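Structure first, then comments.
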Amino acid sequence: MFLTADEVKKIAHLARLGVNDQDIDGYAKDLSGMLNLMTQMGDLNTDGINPMAHPMDQAQRLRADVVTECDNREKFQAIAPQVEAGLYLVPKVIE
Amino acid sequence: MHTKTIAELAKGLRSGEFSSLELTQSFLNRIKQHPQLNCYITVTEEPALQAAKAADARLAQGNAELLTGIPIAQKDIFCTEGVKTTCGSKMLDNFIAPYNAATVEKFNKAGAVMLGKLNMDEFAMGSSNETSYYGAVKNPWDMTKVPGGSSGGSAAAVAARLTVCATGTDTGGSIRQPAALCGITGLKPTYGRVSRYGMIAYASSLDQGGPMARSAEDAAIMLQTMAGFDEKDSTSVDLPVPDYRQELNNRIEGLKIGLPKEFFSEGLNSDMASIIETAVDEYRKLGAQIIEISMPNLKLAIPAYYVIAPAECSANLSRFDGVRFGYRCENPVDLTDLYTRSRGEGFGKEVKRRILMGTYALSAGYYDAYYIKAQKVRRLISEDFKNALSRVDVIMGPVTPTTAFGIGEKIDNPIEMYLSDFYTIAINLAGVPAMSIPAGFAQGKPVGLQIIGNYFAEDRLLNIAHQYQQVTDWHLQIPKGFE
C-alpha cells in the first residue's frame with residue numbers, strides 16, 4: 001500500500017472534500033492501486049525532456065485590456081444558494 | 001423519419017415531405033416510448049416545439065441552413081441558458097445555466113432543434129455511464145450492458161434513434177469508446193478545433209467536444225457547425241475550417257495506414273482483432289497500403305493520463321464550493337464545514353477518487369515525481385504520434401479491448417475500468433484527432449474501428465471513414481426494438 005488511511009484523510013482535507021469514515025480504507029486501496037500503476041513511468045528515462053502542458057505548445061493568447069463583459073450580477077446571483085444585497089452569503093468568518 | 005440521415009432529412013424538410021414540427025414531435029414521441037434506456041436527463045419538449053416552428057418559418061423563407069429544423073441533443077456537460085445543466089452530478093442538480101456554451105449557440109444559430117440534455121458519467125469521469133447521479137444508461141444493443149462513457153447517453157440516444165445526432169466530449173476516449181460500444185460514428189477533433197467555452201471543464205488540456213452521429217457524413221455536417229476559432233476559449237486555435245462535406249468523396253488510393261504493433265498485443269480479444277483486420281482489409285481493397293509501425297511509449301499513456309487528468313480535475317472542480325452556484329449542504333457551522341460538506345455530499349465516488357488523486361499528485365513533495373514526470377512522458381507519447389504520422393497518413397486500430405461489458409461488472413474495480421481505455425487515452429495526450437466508426441459485431445454487439453490522424457486533419461479522417469461507409473453497412477444497423 002502506497003497510502004495509509006491517515007494520508008487519505010490529509011489529502012481530503014487539502015481538497016476540502018468530505019469523505020465518510022467508512023470509505024477511507026477503500027480510497028486508500030484505490031489510490032494505492034493508481035500510484036502502483038504510475039511507478040511504470042519510472043522505467044522511462046525522461047532526462048532533458050521538456051514537460052508538455054498543452055498539445056499545441058501554444059502560448060497564452062493576449063487581448064486588449066478593455067471591458068468586454070456586461071454586468072451579469074443579478075443573473076448569476078439568481079442561481080446562488082444564498083445572497084443578500086448583491087453579496088454571496090457564507091457562515092461568519094470573522095468573529 | 002427516424003432512420004434518415006441529416007442530408008436526407010434536410011431534403012425532406014425542403015420538399016415538404018414533412019415539417020420540422022412533425023419531425024421533432026416524432027422524436028419526442030420516440031423518447032417517451034423508450035424511457036428504459038435512461039439516455040435523457042432533461043427533455044426540453046416545449047422549447048423544442050417552439051424551435052421547430054421557428055425552423056419551419058425559416059425554411060419557408062428560404063434562408064435555412066443544412067441543420068435548420070434537424071433534431072439534436074446536447075450532452076449535459078454543455079451549458080444551455082435557462083435549461084438545467086447537471087454534468088451528471090448531484091452538485092449541479094439545481095443548476096440552471098445562465099448562458100449558452102459556444103457549441104450550443106452555434107447549433108441554435110444554425111436552426112437545429114434541441115430535444116434535450118443527455119445523460120453522462122459524472123463530470124465526464126467514467127467509461128460506463130454508471131457514475132451518473134441520474135443512474136446508468138443502458139446499451140440499446142443489449143440492455144444488460146453499458147453504453148460506454150462518458151458520453152454514454154449521447155451514444156445510446158443516437159444508436160436507438162432517439163435523436164438524429166448528438167454532441168459529446170472526449171478527454172480520454174469519452175466520444176470514441178461509447179460510439180464504438182453503441183455502433184455509431186464519433187469524432188474527437190484536434191485539441192483546440194472546437195471551442196470549450198461553456199463546456200464544463202474536467203481536464204482542460206485534454207477536453208475536446210465533438211460530433212456523435214450515424215455516419216461520417218452526418219459527423220462532417222455537425223463538425224462544420226462546431227469547429228472554428230473562439231476568442232472566449234483561450235486555447236482555441238485560429239485556423240481556417242475546411243469544407244468537410246466536400247472532402248468526403250475524395251478517393252483514398254495510395255492511403256498509407258499505420259498499424260501500431262502495440263495495439264495488437266495480448267490485451268486484445270481475438271474476436272475484436274479479427275474484426276479490425278477485416279476492416280483494414282476493406283481499406284486494402286480500396287487501394288490503401290498497410291504499414292506496421294511501433295509506438296513504444298503508448299504503454300505509459302494510462303499512468304500519465306491518471307496523473308494529468310486528475311491533477312487538472314482537482315483544480316477545475318475546486319470551483320464547486322457551495323458558495324456561488326450548485327449544491328450547498330444544510331446548516332454549515334463554519335466556512336470549512338460549508339466547503340467540505342457541500343463537496344462531500346455533492347460529488348460521487350469516482351469524482352472524489354480523482355480529486356484525491358489529483359490533489360495528492362500536485363501536493364508539495366510529489367509534484368515533480370508525478371505531475372512533471374507525467375508531462376514529460378506526455379511529450380514522448382506525443383512524439384511517438386508525430387514520428388508515426390510522418391511515415392503514414394493515418395493510424396488504425398481498435399477503440400476498445402472488448403465489446404460492451406455488463407452493467408455492474410467493473411464499477412467496483414476502478415483500475416480495471418481505467419485499463420480498458422488503453423486505445424483511446426494516448427490520443428488525447430497527443431492532442432491529435434481520432435474517430436470511431438462501426439466495423440462489425442461480435443456476439444451481436446458492435447465493434448468500433450479507430451482512425452487516428454494528424455493535427456487538424458479532421459477532413460481526411462471523415463473522408464476515410466465515409467469511403468468505408470460507402471462499401472459497408474455496419475453504420476446502418478439498428479438495434480432490435482428501435483427500428
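The values are calculated or read from the model by the stated rules, or taken from the named source; none is laboratory data. Owing to the predicted nature of the structure, the values given are computational and were not obtained by experimental measurement. In this analysis, Cβ positions are derived from the backbone assuming ideal geometry, glycine residues included, and neighbour counts consider all displayed protein chains.
Residue pairs whose Cβ atoms lie under 6 Å apart, separated by 6 or more positions or on different chains, with the first residue in segment A:46-59 and at the interface with chain B (Cβ under 7 Å from one of its Cβ atoms) and under 13 Å from B:ALA374 (Cα atoms) and the second part of a loop (DSSP other than H, G, I, E, B) and at pLDDT 85 or above, are A:HIS54/B:SER205.
Suppose the filter is touching a strand residue (DSSP E or B) at 6+ places or on another chain (Cβ under 9 Å), at the interface with another protein chain (Cβ under 10 Å from one of its Cβ atoms), without any contact (Cβ under 8 Å) to a residue 40 or more places away in the chain and surrounded by 10 or more Cβ atoms within 10 Å (Cβ to Cβ); does A:ALA15 pass it?
Values: touching a strand residue (DSSP E or B) at 6+ places or on another chain (Cβ under 9 Å): no; at the interface with another protein chain (Cβ under 10 Å from one of its Cβ atoms): yes; without any contact (Cβ under 8 Å) to a residue 40 or more places away in the chain: yes; surrounded by 10 or more Cβ atoms within 10 Å (Cβ to Cβ): yes.
When the stated conditions are applied, A:ALA15 does not pass them.
State which residue pairs qualify: first residue farther than 29 Å from B:MET295 by Cβ and inside segment B:397-413, second residue among the hydrophobic types (A, V, I, L, M, F, W, C) in any location, beta carbons under 6 Å apart, and separation of 6 or more residues or different chains. Final answer for the pair search is B:ILE407/B:ALA136; B:ILE407/B:VAL146.
Inside segment A:60-95, residues that are among the small types (Gly, Ala, Ser) and more than 8 Å from chain B (Cβ to nearest Cβ) make up a count of 3.
Confirm whether B:ALA124 is in contact with a strand residue (DSSP E or B) (Cβ under 8 Å, 6 or more places away or on another chain) and surrounded by fewer than 24 Cβ atoms within 10 Å (Cβ to Cβ).
On the way: in contact with a strand residue (DSSP E or B) (Cβ under 8 Å, 6 or more places away or on another chain): yes; surrounded by fewer than 24 Cβ atoms within 10 Å (Cβ to Cβ): no.
No, not satisfied.
Within segment B:274-308, being within 17 Å of B:ALA180 (Cα to Cα), surrounded by fewer than 16 Cβ atoms within 10 Å (Cβ to Cβ) and touching a residue at least 60 places away in the same chain (Cβ under 8 Å) holds for one residue alone: B:THR278.
Going residue by residue through segment A:22-45, is there one that turns out to be more than 8 Å from every other protein chain (Cβ to nearest Cβ) and part of a loop (DSSP other than H, G, I, E, B)? Yes, because at least one residue in segment A:22-45 is more than 8 Å from every other protein chain (Cβ to nearest Cβ) and part of a loop (DSSP other than H, G, I, E, B).
Any residue in segment B:386-394 that is in a helix (DSSP H, G or I), farther than 15 Å from A:MET38 by Cα and within 12 Å of chain A (Cβ to nearest Cβ)?
Going residue by residue through segment B:386-394, those that are in a helix (DSSP H, G or I) are B:386-391.
Pick out the ones that are also farther than 15 Å from A:MET38 by Cα and you get B:386-391.
Checking the rest, the ones that are also within 12 Å of chain A (Cβ to nearest Cβ) come to B:386.
Yes: segment B:386-394 contains one or more residues that are in a helix (DSSP H, G or I), farther than 15 Å from A:MET38 by Cα and within 12 Å of chain A (Cβ to nearest Cβ).
Return only the number of the condition from (1) over 30 Å from B:THR171 (Cα atoms); (2) more than 26 Å from the chain's Cα centre (by Cα) that A:ASP43 does not satisfy. Result: A:ASP43 fails condition (1) only. A search for C-beta distances below 8 Å between a residue of segment B:313-342 that is facing chain A (nearest Cβ under 8 Å) and assigned to a helix (DSSP H, G or I) and any residue that is buried (at least 17 other Cβ atoms within 10 Å of the Cβ) and among the β-branched types (Val, Ile, Thr), counting only pairs 6+ apart in sequence or on different chains, returns B:SER314/B:ILE355; B:SER314/B:THR359; B:LEU335/A:VAL90; B:LEU338/A:VAL90; B:LEU338/B:VAL323.
I'm trying to understand the selection: among the residues of segment B:398-415, which are closer than 22 Å to B:LEU187 by Cβ and surrounded by fewer than 23 Cβ atoms within 10 Å (Cβ to Cβ)? Quick ask: steps written out before the conclusion?
Initially, segment B:398-415 is screened for residues closer than 22 Å to B:LEU187 by Cβ, giving B:398-401, B:403-404.
Residue satisfying the conditions is B:PRO401 alone.
Please determine, by comparing only the residues of segment B:345-372 that are over 26 Å from B:SER128 (Cα atoms) and not in a helix (DSSP H, G or I), which one is farthest from the other protein chains (Cβ to nearest Cβ).
In the first step, residues of segment B:345-372 are kept if they are over 26 Å from B:SER128 (Cα atoms); the result is B:362-372.
Imposing the further condition that a residue be not in a helix (DSSP H, G or I) reduces the set to B:363-366.
On the way: B:SER363: 6, B:ALA364: 10, B:GLY365: 12, B:TYR366: 10 Å.
Checked segment B:345-372; the qualifying residue farthest from the other protein chains (Cβ to nearest Cβ) is B:GLY365.
Just one of the numbered conditions (1) under 22 Å from B:LEU206 (Cβ atoms); (2) outside any loop (DSSP other than H, G, I, E, B) is not true of A:MET56: (2).
Considering segment B:174-209, the residues that are polar (S, T, N, Q) and farther than 11 Å from B:PRO433 by Cβ include one that is surrounded by the most Cβ atoms within 10 Å (Cβ to Cβ), namely B:SER174.
Tallying residues that are under 22 Å from B:LEU429 (Cα atoms) and part of a helix (DSSP H, G or I) within segment B:119-171 yields 4. Assess whether B:LEU298 counts as being among the hydrophobic types (A, V, I, L, M, F, W, C) and in contact with a helix residue (DSSP H, G or I) (Cβ under 8 Å, 6 or more places away or on another chain). Criteria met by B:LEU298.
Test B:ASP238 against the criterion of being within 14 Å of chain A (Cβ to nearest Cβ), without any contact (Cβ under 8 Å) to a residue 40 or more places away in the chain, touching a Phe, Trp or Tyr at 6+ places or on another chain (Cβ under 6 Å) and charged (D, E, K, R), and give yes or no. Here the answer is yes, as B:ASP238 does meet what is asked.
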